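Data first, discussion second: the structure below is written as structure tokens.
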Amino acid sequence: MARRPLVMGNWKLNGSKAFTKELIEGLKAELAGVNGCDVAIAPPVMYLAEAEAALAGSQIALGAQNVDVNVQGAFTGDISTAMLKDFGAKYIIIGHSERRTYHKESDEFIAKKFAALKEAGLVPVLCIGESEAENEAGKTEEVCARQIDAVINALGVEAFNGAVIAYEPIWAIGTGKSATPAQAQAVHAFIRGHIAAKSQAVADQVIIQYGGSVNDANAAELFTQPDIDGALVGGASLKAPAFAVIVKAAAVAKN
Ligand code: PGA
């Protein structure tokens with residue numbers, strides 16, 4: 001089954017009002033007429049209003065980097081699914097390793113966020129992946145399975161219908177040291193197989209992005225791999241020309 005690739009930019013804690021407008025104008029110009037790949041950007045939530053306005057009429061979808069499990073009430077500092085929807089956000093990153101590490105988010109808590117997003121009709125982009133130590137200890141598959149099973153155990157495998165998984169080995173994030181295409185493909189195949197053990201149909205349609213030092217030079221080769229359905233891009237998503245090269249590489253490789 002052909003899956004439509006998704007390349008998403010994770011801006012992390014970067015930008016300003018002016019930067020948001022400028023980068024989006026650049027992306028719209030670079031990506032005009034490019035088909036065959038879904039594209040999304042996740043600016044800081046502070047700038048969703050500027051991003052929504054700048055993206056009006058374009059094919060680029062809006063996303064966010066986090067969401068809370070509560071919908072409203074006394075939860076100081078949190079952002080709800082309803083608020084994200086209010087700005088037209090669609091793809092919401094959850095479980096990023098930076099949140100797992102710096103904010104002590106557990107697999108179970110992240111599964112609750114997944115549930116909140118599904119309930120709201122938003123698309124979860126569930127980040128998973130092992131640390132360098134886990135990788136060296138041969139625990140990559142065990143860690144990825146555990147992180148996926150937290151969602152399957154809470155919501156059932158069908159929750160992955162219309163959802164996105166981003167495999168992001170922590171040792172590859174922001175280090176300039178991407179997993180090789182073969183390394184990433186092996187883990188992606190494992191992840192798809194793990195889901196297929198519960199439902200082949202769900203496994204066939206779930207988008208599995210690779211993330212971790214994807215750039216304009218290494219993206220095309222990563223996308224030659226059959227189970228790599230796009231990329232979650234950090235650093236290289238902050239420059240319109242580099243991000244556009246990655247999007248175009250996915251569009252070419254997957255069509
Ligand atoms: P990077 O970040 O592309 O800068 O490695 C990816 C991510 O953390 O999503």
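Numerical summary
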quantity: Unsatisfied cross-links (Cα-Cα over 20 Å) in the set Lys104/Lys239; Lys21/Lys254; Lys17/Lys239; Lys12/Lys90; Lys113/Lys177; calculated: Lys104/Lys239; Lys21/Lys254; Lys113/Lys177
quantity: Estimated 222 nm signal from helices in the chain, with DSSP H stretches of n ≥ 4 weighted -39500 (n - 2.57), rounded to 500; calculated: -12500 deg cm²/dmol
quantity: Convex hull volume per residue in cubic angstrom - Cα atoms of region 107-255; calculated: 112
quantity: Distance histogram for region 24-179 (every C-alpha pair counted, 10 angstrom bins, percent rounded to whole numbers); calculated: 10, 36, 35, 17, 2
quantity: Accessible surface, 1.4 Å probe, highest first, among residues Trp171, Trp11; calculated: Trp171, Trp11
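The values are calculated or read from the model by the stated rules, or taken from the named source; none is laboratory data. Since the structure is predicted, the reported quantities are computational estimates derived from the model, not experimental observations. SASA here: full protein model, heavy atoms, side chains in, ligands and nucleic acids out. Shrake-Rupley method; radii C 1.70, N 1.55, O 1.52, S 1.80 Å.
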